Amino acid sequence: MQRYFIDPAQFGDKTVSITGEDARHIGKVMRSKPEDKLIVSDGIAREALVEITEIEAHEVTARIIEQLEASGEPRAQVTIAQSLPKGDKMELVIQKCTEIGAASFLPFMSERTVVQYDPRKEEKRTVRWRKIAKEAAEQAHRSKIPAIEPPVAWKGLLAKLPEYDLACVCYEKEHGQQLRDVLKPFAERLGRGTEVRILVAVGPEGGFTEQEITQLEAAGAVSVGLGRRILRTETAGMAALTCIMYETGEMGEI
């Protein structure tokens, strides 16, 4: 069943209004008709099963059939901090990590980041990234759209680490400490109903420098390995996030 995110103001007591590109998608792409059913969410607290009553070019009206319990969000709130990769790799990271369960994304610049930062271009790219996150969240039946923060400089990343219960750095030279071992005490906390915020930092195509790893660890981060294979920058975050979802009971028993 199709799912759409709407602004909280579009939620009425008995009806909802779906506007803009989503309305066009319902009418033109999905070819929906009155009496077809959808799920809508305000991305905060309300979620409902609705039945379409009227379809116009720029607005779809639907009556609320049933209020639903939002259940598509992981217990662990994971932020993927991704050093800006080349090309459209960031779009892939956002799309797939949103499907897996990321709560937010933090793009950043590091020493080996190849992408040249341009505030004007980044603003447009951030808008596109948010659109990709919204569509991926709808496809995955998420209850919230992951937040995408504006790109930050290296010092900005270091300054954010204390905000998290656990900050992990994916480092290909880390052979002793594996992600699963680091996660064990936090998985136990989640089992007791305690909220846990986790940050996963991923380097660019050339990886982190040893100096950067030293700075991250000094700021409170833990370097972890993801096995004996070397993963691409666009793959590492997905792999780490999947491990976290599994170890915290989102993809099977802990």
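Read-outs throughout are calculated quantities, based only on the coordinates presented, and are distinct from any laboratory measurement. Only a predicted model underlies this, so the values are computations on that prediction, with no experimental measurement involved. In this analysis, Cβ positions are derived from the backbone assuming ideal geometry, glycine residues included, and neighbour counts consider all displayed protein chains.
Note on Glu149, Glu47: ascending count of other Cβ atoms within 10 Å places them as Glu149, Glu47, the fewest first.
Order the peptides 5-12, 215-222 from the highest to the lowest mean number of other Cβ atoms within 10 Å of their residues.
Working: 5-12: 15.0, 215-222: 16.5.
Descending mean neighbour count gives 215-222, 5-12.
Shape descriptor for the stretch 3-67: Rg over Rh equals 0.92 (Cα atoms; Rh from the Kirkwood inverse mean 1/r). Pairs over the 21 Å Cα-Cα cut-off, from the set Lys89/Lys124; Lys28/Lys134; Lys144/Lys184; Lys86/Lys131: Lys144/Lys184.
Within the shell of other residues whose beta carbon sits under 12 angstrom from the beta carbon of Gln215, the net charge comes to -3, with Lys and Arg scored +1 and Asp and Glu -1.
Let me know the volume per residue of the alpha-carbon convex hull for the stretch 58-118, in Å³. Please list the in-between numbers first.
Numbers: hull volume 8.6 nm³, N = 61.
Dividing the Cα hull volume of the stretch 58-118 by its residue count gives 142 Å³.
In the chain, taking the dipole from charged Cβ atoms about the Cα centre, the farthest positive-side position among Ala140, Tyr117, Pro34 is held by Tyr117.
Counting other Cβ atoms within 10 Å as a rough exposure proxy, the listed residues Asp42, Asp13, Asp181 run Asp13, Asp181, Asp42 from fewest neighbours to most.
Counting neighbouring Cβ atoms within 10 Å and putting the fewest first, the residues Trp129, Trp154 line up as Trp154, Trp129.
Globularity index of the stretch 76-247 is 0.97 (Cα radius of gyration / 2.2 N^0.38 Å, N = number of residues).
At 222 nm, what helix-only mean residue ellipticity would the chain give, in deg cm²/dmol to the nearest 500, using -39500 (n - 2.57) for each DSSP H run of four or more?
So the helix-based figure for the chain works out to -10000 deg cm²/dmol.
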